[in-house]
Amino acid sequence: MKRNRRKTCSCVWKCKKRNLNGSLLWKEELAADYQQQVDDTFIFGYRCCMKKNGIKARYPFNSSG
């Protein structure tokens, strides 16, 4: 009986650990994606502001990043 309980506890702990690691990776990916969206929005707003005010860029914008 004790042996089965240990196996069950060990298995449950491993599953929880996997889920925790997966959620941490998911949160990091989500944060990176959010930051990329913020950067893209800033650049878009910057370009629109320059165009609206007739400001020419010294160097042409490169879309490859």
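Looking across segment 47-61 at every residue that is modelled with pLDDT of 75 or more and of a type in the set (D, E, K, R), the one that is surrounded by the most Cβ atoms within 10 Å (Cβ to Cβ) is identified as Arg47.
For segment 24-40, the criterion of a residue being at pLDDT below 70 and either surrounded by 10 or more Cβ atoms within 10 Å (Cβ to Cβ) or over 13 Å from the mean Cα position of the chain (by Cα) (or both) is satisfied by no position. Please tell me if Gly65 is exposed (fewer than 10 other Cβ atoms within 10 Å of the Cβ), modelled with pLDDT of 80 or more and of a type outside the set (D, E, K, R). Answer is no for this residue.
The values are calculated or read from the model by the stated rules, or taken from the named source; none is laboratory data. Bear in mind that the values here come from a model prediction, so they are computed numbers and not experimental data. When we count neighbours, we look across all protein chains shown, and the Cβ atoms used for this are built from the backbone with ideal geometry, even at glycine.
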